[in-house]
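The values are calculated or read from the model by the stated rules, or taken from the named source; none is laboratory data. Just so you know, these numbers come straight off a predicted model, no measurement behind them. Note that each Cβ is placed from the backbone with ideal geometry, even for glycine, and that neighbours are counted across all protein chains shown.
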(Lines give C-alpha, C1' and ligand atoms only; values in the text may rest on other atoms or scores of the structure.)
Protein backbone atom coordinates (compact mmCIF):
# COMPACT_ATOMS: atom_id res chain seq x y z
CA UNK A 1 0.00 0.00 0.00
CA UNK A 2 1.18 3.44 -0.84
CA UNK A 3 0.12 6.88 0.29
CA UNK A 4 -3.63 7.23 0.86
CA UNK A 5 -3.96 3.39 0.79
CA UNK A 6 -3.35 3.15 -2.98
CA UNK A 7 -2.21 -0.40 -3.90
CA UNK A 8 0.82 -0.62 -6.19
CA UNK A 9 3.48 -3.02 -7.43
CA UNK A 10 7.15 -2.44 -8.23
CA UNK A 11 8.81 -4.16 -11.18
CA UNK A 12 12.42 -5.27 -11.69
CA UNK A 13 13.03 -2.30 -13.99
CA UNK A 14 11.89 0.17 -11.26
CA UNK A 15 8.41 0.89 -12.64
CA UNK A 16 5.60 1.57 -10.21
CA UNK A 17 2.16 0.41 -11.34
CA UNK A 18 -0.83 1.67 -9.36
CA UNK A 19 -4.05 -0.30 -8.88
CA UNK A 20 -2.80 -3.69 -10.19
CA UNK A 21 -4.91 -6.84 -10.41
CA UNK A 22 -5.45 -7.98 -6.78
CA UNK A 23 -4.48 -11.56 -7.76
CA UNK A 24 -0.87 -10.49 -8.47
CA UNK A 25 1.37 -11.37 -5.52
CA UNK A 26 5.07 -11.05 -4.66
CA UNK A 27 7.40 -12.98 -7.06
CA UNK A 28 4.73 -13.23 -9.80
CA UNK A 29 5.66 -12.09 -13.33
CA UNK A 30 3.63 -9.62 -15.37
CA UNK A 31 3.47 -8.92 -19.11
CA UNK A 32 3.28 -5.15 -19.52
CA UNK A 33 2.13 -3.24 -22.59
CA UNK A 34 4.83 -0.57 -22.81
CA UNK A 35 2.73 1.82 -24.93
CA UNK A 36 -0.23 1.97 -22.55
CA UNK A 37 1.46 0.95 -19.30
CA UNK A 38 -1.27 -1.62 -18.62
CA UNK A 39 -0.76 -5.17 -17.40
CA UNK A 40 -1.76 -7.67 -20.11
CA UNK A 41 -1.12 -10.97 -18.29
CA UNK A 42 0.57 -12.37 -15.22
CA UNK A 43 2.09 -15.70 -14.19
CA UNK A 44 1.90 -17.00 -10.63
CA UNK A 45 5.06 -18.15 -8.86
CA UNK A 46 3.95 -21.79 -8.67
CA UNK A 47 5.42 -25.26 -8.92
CA UNK A 48 5.64 -26.38 -12.56
CA UNK A 49 6.39 -22.99 -14.12
CA UNK A 50 9.58 -22.32 -16.10
CA UNK A 51 12.11 -20.00 -14.43
CA UNK A 52 15.48 -18.38 -15.12
CA UNK A 53 18.07 -17.90 -12.40
CA UNK A 54 19.25 -14.28 -12.20
CA UNK A 55 21.99 -14.50 -9.57
CA UNK A 56 24.30 -16.69 -7.56
CA UNK A 57 26.30 -19.74 -8.67
CA UNK A 58 23.49 -20.96 -10.98
CA UNK A 59 23.23 -17.66 -12.91
CA UNK A 60 21.66 -18.11 -16.37
CA UNK A 61 20.26 -21.60 -15.78
CA UNK A 62 16.68 -22.33 -16.86
CA UNK A 63 14.39 -24.96 -15.42
CA UNK A 64 11.04 -25.91 -13.90
CA UNK A 65 10.14 -25.15 -10.27
CA UNK A 66 9.94 -28.43 -8.32
CA UNK A 67 9.37 -27.12 -4.80
CA UNK A 68 9.86 -24.20 -2.46
CA UNK A 69 11.21 -24.46 1.09
CA UNK A 70 10.22 -21.72 3.50
CA UNK A 71 12.79 -20.83 6.16
CA UNK A 72 11.46 -18.17 8.57
CA UNK A 73 14.21 -15.73 9.50
CA UNK A 74 16.44 -16.86 6.64
CA UNK A 75 16.40 -17.25 2.86
CA UNK A 76 13.66 -19.29 1.19
CA UNK A 77 15.06 -22.00 -1.10
CA UNK A 78 13.62 -23.00 -4.49
CA UNK A 79 14.41 -26.39 -6.04
CA UNK A 80 14.60 -26.33 -9.86
CA UNK A 81 15.00 -29.11 -12.44
CA UNK A 82 16.57 -28.23 -15.81
CA UNK A 83 15.87 -29.77 -19.23
CA UNK A 84 18.72 -32.28 -18.90
CA UNK A 85 17.23 -33.64 -15.66
CA UNK A 86 19.69 -32.08 -13.20
CA UNK A 87 18.17 -30.66 -10.02
CA UNK A 88 19.63 -27.68 -8.18
CA UNK A 89 18.59 -25.32 -5.39
CA UNK A 90 18.92 -21.56 -5.14
CA UNK A 91 17.60 -18.62 -3.15
CA UNK A 92 14.10 -17.36 -3.89
CA UNK A 93 15.48 -13.87 -4.67
CA UNK A 94 17.46 -15.31 -7.63
CA UNK A 95 14.47 -16.98 -9.31
CA UNK A 96 12.48 -15.19 -12.04
CA UNK A 97 9.42 -16.82 -13.65
CA UNK A 98 9.66 -16.59 -17.46
CA UNK A 99 6.76 -18.79 -18.55
CA UNK A 100 3.76 -20.87 -17.64
CA UNK A 101 4.36 -24.62 -17.62
CA UNK A 102 6.90 -25.59 -20.31
CA UNK A 103 6.08 -22.56 -22.54
CA UNK A 104 8.48 -19.61 -22.16
CA UNK A 105 7.36 -16.01 -22.75
CA UNK A 106 10.90 -15.02 -23.79
CA UNK A 107 13.41 -16.49 -26.21
CA UNK A 108 16.03 -18.61 -24.46
CA UNK A 109 19.81 -18.37 -24.96
CA UNK A 110 21.70 -20.74 -27.28
CA UNK A 111 22.31 -23.44 -24.64
CA UNK A 112 18.67 -23.28 -23.46
CA UNK A 113 19.95 -22.48 -19.95
CA UNK A 114 21.58 -25.88 -19.40
CA UNK A 115 24.92 -25.96 -17.57
CA UNK A 116 27.37 -28.49 -18.96
CA UNK A 117 29.85 -30.36 -16.79
CA UNK A 118 33.56 -29.66 -17.30
CA UNK A 119 33.97 -32.84 -19.37
CA UNK A 120 30.90 -32.07 -21.52
CA UNK A 121 32.14 -28.52 -22.13
CA UNK A 122 35.59 -29.83 -23.15
CA UNK A 123 34.05 -32.35 -25.58
CA UNK A 124 31.84 -29.65 -27.11
CA UNK A 125 34.82 -27.34 -27.68
CA UNK A 126 36.97 -30.13 -29.15
CA UNK A 127 34.16 -31.13 -31.51
CA UNK A 128 33.91 -27.50 -32.66
CA UNK A 129 37.64 -27.32 -33.46
CA UNK A 130 37.67 -30.51 -35.52
CA UNK A 131 34.54 -29.65 -37.50
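Structure data summary
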{"item": "Scope the range 71-106; condition assigned to a loop (DSSP other than H, G, I, E, B) and closer than 27 Å to residue 30 by Cβ; matching residues", "result": "71, 75, 76, 83, 101, 102, 105, 106"}
{"item": "Residue among 41, 69 that alone is free of Cβ contacts under 8 Å to residues at least 60 places away in the same chain and within 28 Å of residue 110 (Cβ to Cβ)", "result": "41"}
{"item": "Selection status of residue 6, in contact (Cβ under 8 Å) with a residue 60 or more places away in the chain and out of contact with any helix residue (DSSP H, G or I) (no Cβ under 8 Å at 6 or more places or on another chain)", "result": "no"}
{"item": "Residues (part of a helix (DSSP H, G or I) and at pLDDT below 85) located in the range 122-131", "result": "128, 129, 130"}
{"item": "Filter result for residue 82 (out of contact with any helix residue (DSSP H, G or I) (no Cβ under 8 Å at 6 or more places or on another chain), in the same structural domain as residue 97 (by TED's automatic domain parsing) and closer than 21 Å to residue 102 by Cα)", "result": "yes"}
{"item": "Hits in the range 20-69 - residues which are in the same structural domain as residue 92 (by TED's automatic domain parsing), more than 16 Å from residue 100 (Cα to Cα) and part of a loop (DSSP other than H, G, I, E, B)", "result": "54, 55, 56, 57, 58, 59, 60, 61"}
{"item": "Among (1) surrounded by fewer than 13 Cβ atoms within 10 Å (Cβ to Cβ); (2) under 17 Å from residue 106 (Cβ atoms), the one test that residue 5 misses", "result": "(2)"}
{"item": "Any chance residue 119 is over 20 Å from the mean Cα position of the chain (by Cα) and either modelled with pLDDT under 90 or at negative phi (or both)", "result": "yes"}
{"item": "Selection from the range 35-53 of residues that are within 17 Å of residue 113 (Cα to Cα) and surrounded by fewer than 15 Cβ atoms within 10 Å (Cβ to Cβ)", "result": "48"}
{"item": "Residue within the range 107-116 that is outside any loop (DSSP other than H, G, I, E, B) and not assigned by TED's automatic domain parsing to the domain that holds residue 26 present", "result": "no"}
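Listed here are the residues, each with its yes/no results for (1) at positive phi; (2) surrounded by 11 or more Cβ atoms within 10 Å (Cβ to Cβ); (3) more than 20 Å from the chain's Cα centre (by Cα).
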residue	(1), (2), (3)
73	yes, no, yes
79	no, yes, no
92	no, yes, no
102	no, no, no
